[in-house]
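The values are calculated or read from the model by the stated rules, or taken from the named source; none is laboratory data. From a predicted model like this one, the values you see are computed outputs, not experimental measurements. Counting neighbours? That spans all protein chains shown, and the Cβs are built from the backbone with ideal geometry, glycine included. What goes into the accessible areas is simple: the full protein's heavy atoms, side chains included, and nothing from ligands, DNA or RNA. Shrake-Rupley method; radii C 1.70, N 1.55, O 1.52, S 1.80 Å.
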Amino acid sequence: VQDSYDKETADSYEIGFKSQLFDNRVALNGSVFYTRVRNTQQFEFFPTGGIQAISQIKRARIWGAEADIQIRATDALTFFGGLGYIDTKITDIDSADPADRAAIIGNKIPFAAEYNGTAGFQLTQPIGGDIELVARGEYNRTGRIFYDQRNSPNTSRDPVDIVNARLGIQTDRFEVALWSRNLFNERYNADAVVILPVAHSVFRAPPRSYG
């Protein structure tokens, strides 16, 4: 394990569009992108020596696409959604060991979700005077991720589904609302350090919160 590591650099290319349709009631945006990354940094733990270290993936490539839409159904009600997809691939590593190269090259980059999506609504409805009823709900899904560059069978996290909600009233001077993040109390790991293929040090994501 070396005492220092090289800087991480990326060359990125992207093309996309933004649009306003149907008298500005629909906003539709999209893009595709391609990135070449050198010296991707990642944290690793080596149990045989008790070593915590930063290692690097020499070269990787990423391509993907994303789109989002916002629909103003009425003056008070808006729907929104988005979808993103990425394909990542490790193309080179520093190790000259044939076994390492065979086990890692071609794998996905750790902590890069295969896709993510969101959908929801926002309601701002006048209910009298300058008082408005405000309601918002959103659903988010994050696709599968791997925690290590070897993409071992027991080092991935399944897709995660999270719902957030908010309901209240507001004026120009104040707002009173009930809210909840992770409304259905989805239990999942926000992070993990791979120690062995069958044993990890995991860090739990926040459970349901409300206020």
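What number of residues within the range 83-97 are surrounded by fewer than 17 Cβ atoms within 10 Å (Cβ to Cβ) and not acidic (Asp, Glu)?
Matching residues across the range 83-97 total 6.
If you check Val26 against the conditions, is it out of contact with any Phe, Trp or Tyr (no Cβ under 8 Å at 6 or more places or on another chain) and surrounded by fewer than 16 Cβ atoms within 10 Å (Cβ to Cβ)?
Answer is yes for this residue.
Since Phe111 meets every condition but one in (1) on the phi > 0 side of the Ramachandran plot; (2) open to solvent by less than 70 Å² (accessible area, probe 1.4 Å), which condition does it not meet?
Of the numbered conditions (1) on the phi > 0 side of the Ramachandran plot; (2) open to solvent by less than 70 Å² (accessible area, probe 1.4 Å), the odd one out for Phe111 is (2).
Do we find a residue being farther than 30 Å from Asp6 by Cα and among the basic types (Lys, Arg) anywhere in the range 97-105?
Checked the range 97-105: no residue is farther than 30 Å from Asp6 by Cα and among the basic types (Lys, Arg).
Tell me whether the range 175-184 contains one or more residues that are open to solvent by less than 60 Å² (accessible area, probe 1.4 Å), modelled with pLDDT of 90 or more and either within 30 Å of Ser95 (Cα to Cα) or touching a Ser or Thr at 6+ places or on another chain (Cβ under 6 Å) (or both).
No - not one qualifying residue is present in the range 175-184.
Specify which of the listed residues (Thr124, Thr155, Thr118, Thr171) is touching a strand residue (DSSP E or B) at 6+ places or on another chain (Cβ under 6 Å) and closer than 30 Å to Thr48 by Cβ.
Thr155
Checking the conditions here, which among Gly168, Gly106, Gly117, Gly211 is surrounded by 16 or more Cβ atoms within 10 Å (Cβ to Cβ) and either modelled with pLDDT of 95 or more or under 23 Å from Ile86 (Cα atoms) (or both)?
Criteria check complete, one pass: Gly117.
Taking Ala205 as the residue in question, decide whether it is over 18 Å from Gln125 (Cβ atoms), modelled with pLDDT under 95 and in contact with a His (Cβ under 6 Å, 6 or more places away or on another chain).
In short, no.
Show the residue pairs meeting these rules: Cβ distance below 7 Å; 6+ apart or different chains; first residue within the range 1-21 and within 17 Å of Tyr34 (Cβ to Cβ) and loosely packed, with under 11 Cβ neighbours inside 10 Å; second residue at pLDDT 90 or above and among the basic types (Lys, Arg).
Filtered contacts from the range 1-21: Thr9/Arg38; Asp11/Arg36.
Go through the range 113-172 and report how many residues are under 15 Å from the mean Cα position of the chain (by Cα), assigned to a loop (DSSP other than H, G, I, E, B) and either within 20 Å of Asp75 (Cβ to Cβ) or of a type outside the set (Gly, Ala, Ser) (or both).
So the answer is 5.
Of the residues in the range 29-45, how many are at pLDDT 95 or above, of a type in the set (Phe, Trp, Tyr) and open to solvent by less than 80 Å² (accessible area, probe 1.4 Å)?
Result for the range 29-45: 1.
Can you tell me which residue within the range 50-72, out of those that are in contact (Cβ under 8 Å) with a residue 40 or more places away in the chain and loosely packed, with under 15 Cβ neighbours inside 10 Å, is farthest from the chain's Cα centre (by Cα)?
Ile51
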